[in-house]
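Structure first, commentary second.
Just so you know, all these numbers are worked out from the coordinates, no wet-lab data involved. Keep in mind the model is a prediction, meaning the values are calculated, not measured. Neighbour counts run over all protein chains shown; Cβ positions are idealised from the backbone, glycine included.
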Amino acid sequence: MVQNVRVIGTGQLLELSARLRRAGHENIRNSFQRRIRRAAEPLRNDLQDTIRRLDIRSQGRNAGKRGGPSPTTRPMRATIAEAIRISVRTTGDPGARVWVDKGRLPPDLRRMPDVINTGRIRHPVFGNRRRWAQQSANAGWWDRTVRGHTDRITREVERVADDVRRHLE
């Protein structure tokens, strides 16, 4: 799974970042950063909505098998959605990055965004490592969502870079 989405026009943004630093226009730099973040926010929001609504199916219980309530009250998909972050840099390696911040996930869910993206979720039944269950989801939830936004974000970042470049000239 693609963990990071990086929106960069390497040459253009590096050159523009250096010019902003030389010009010392703090308000232009802040505006540039804010507009880049705004370009990436719809992607983050769509990723969060996609994981929250993702249909995860199981095979169901076999006849005579016992079941019961989940031993945890933590909603898995909402927890993953809250860990999706954006960062914007205007220096060094400028651009926007959308990623799953695994540090904000509980230890038992750190690999789950990758696993769900494959479409096959295999896990122990209520923590019993001798009994395993398999569930399925639509594979590629992250990849499909990113692909749908890539062209729009690229156009927006180019437009922001052109506006700032014109302002600096």
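What is the calculated FRET efficiency for Asn27 to Lys102, with r their C-beta to C-beta distance and R₀ = 35 Å, to the nearest 0.05?
0.50
Can you tell me the length gained on complete extension of the stretch Arg155 to Asp46, counting 0.36 nm per residue apart and subtracting the Cα distance?
37.5 nm
Which length gain, in nm to one decimal place, applies between Arg53 and His167 when the Cα-Cα distance is subtracted from 0.36 nm times their residue separation?
36.8 nm
Between Glu82 and Asp143, what FRET efficiency follows from the Cβ-Cβ distance if R0 is 25 Å, with the result rounded to 0.05?
My answer for the efficiency is 0.75.
Which whole-number percent is the relative contact order of the stretch 75-134 (Cα, under 8 Å, 6+ apart)?
Over the stretch 75-134, the number comes to 22 percent.
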